[in-house]
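Let me begin by presenting the structure, written as structure tokens, before commenting on it.
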Amino acid sequence: MVGAMVTVVTHPLVQHKLSVMRDVRTGVKEFRELAAEVSVLLAYEAMRDLELAPQTLDTPIQSGEFPMLSGKKLALVAILRAGLVMTDAIVGLVPAAKVGHLGMYRDPNTLKPVDYYNKLPADIAERRVFLTDPMLATGGSASAAIQSLKDAGAQSIKLMCILAAPEGIAVIERDHPEVEIVTAAIDPRLDSHGYIVPGLGDAGDRIYGTK
Ligand code: URA
């Protein structure tokens, strides 16, 4: 496959919530809640192709065959720390999913990802993986995280982010062209510090109230 597949979730609820997140006046509590809500709406779209199979069951009125999830089990994997708010929210939708964590931070000088923690479900090769990182900026951390997932055997990976920059999309497209990206918006560019412009600032700081 050539070229990353990118799905932009243009639903008005997602777009409105994202705009409130962008607003510099939005405080920590509201930002965190909105990040969780947008994540669930992104998951709704990212999980659109989950497999269903008919199951026989009884309603209080009559028995019948009804569609239930039947395909591979799921894994949600957060890139720490900002991805946590996304997996914490999405696991409410898919409570049987296992949750993994990849610790990466961006070296402020080189802007390259530094790997400091890796804890993934042992059976990740048998699961569909939804990797969460709110900001796909340079793409360095996300690409390294996808590589860690592949090294652990993962075969089906989607990357979910709240905001993406063309530079980050291009890196995923180059390194992992089979990985679909699901995002709420694609902003025009990065600034010289690797921040998405106009963006929403540092997602981790805004979620956790740090600076
Ligand atoms: N990470 C963030 O939190 N914000 C950006 O704009 C870029 C990377």
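Bear in mind these aren't lab numbers, they're just calculated from the coordinates by the rules spelled out. Just so you know, these numbers come straight off a predicted model, no measurement behind them. Cβ atoms come from the backbone with ideal geometry, glycine included; neighbour counts cover every protein chain shown.
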Taking the Cβ of each residue in T10, T87 as the centre, tally the other Cβ atoms inside 10 Å and list the residues starting with the fewest.
-> T10, T87
Remind me, relative contact order of the range 9-91 in percent, using alpha carbon pairs under 8 angstrom and six or more residues apart?
-> 27 percent
13 Å beta-carbon shell around K72, net charge (K/R +1, D/E -1) = +1
Given H placed 1.01 Å from N in the peptide plane, which residues other than close sequence neighbours of K73 have an amide H under 5 Å from its amide H?
-> R128
At 7 Å along the Cα-to-beta-carbon direction for both R106 and E33, put a label point, then send me their distance in nm to one decimal.
-> 2.8 nm
With a cut-off of at most 12 other beta carbons within 10 Å, and DSSP calling the residue loop, which trypsin sites (Lys or Arg not before Pro) in the range 41-93 qualify? Please list them.
-> R48
Calculated from DSSP helices alone, with each H run of at least 4 adding -39500 (n - 2.57) and the total divided by the residues of the chain, [θ]222 nm to the nearest 500 comes to -9500 deg cm²/dmol
Listed residues P166, P198, P60, most fluctuating in the chain (Gaussian network, C-alpha, under 10 Å) = P60
Only Cα pairs under 8 Å and at least 6 apart count here; give the relative contact order of the range 1-140 as a rounded whole percent.
-> 20 percent
Residue with peak Gaussian network fluctuation, the chain [Cα springs, cutoff 10 Å], from M135, M104, M47 | M47
Can you tell me the dipole magnitude for the range 92-211 around its Cα centre, using point charges on the Cβ only (Lys, Arg +1; Asp, Glu -1), in Debye to the nearest 20?
-> 240 debye
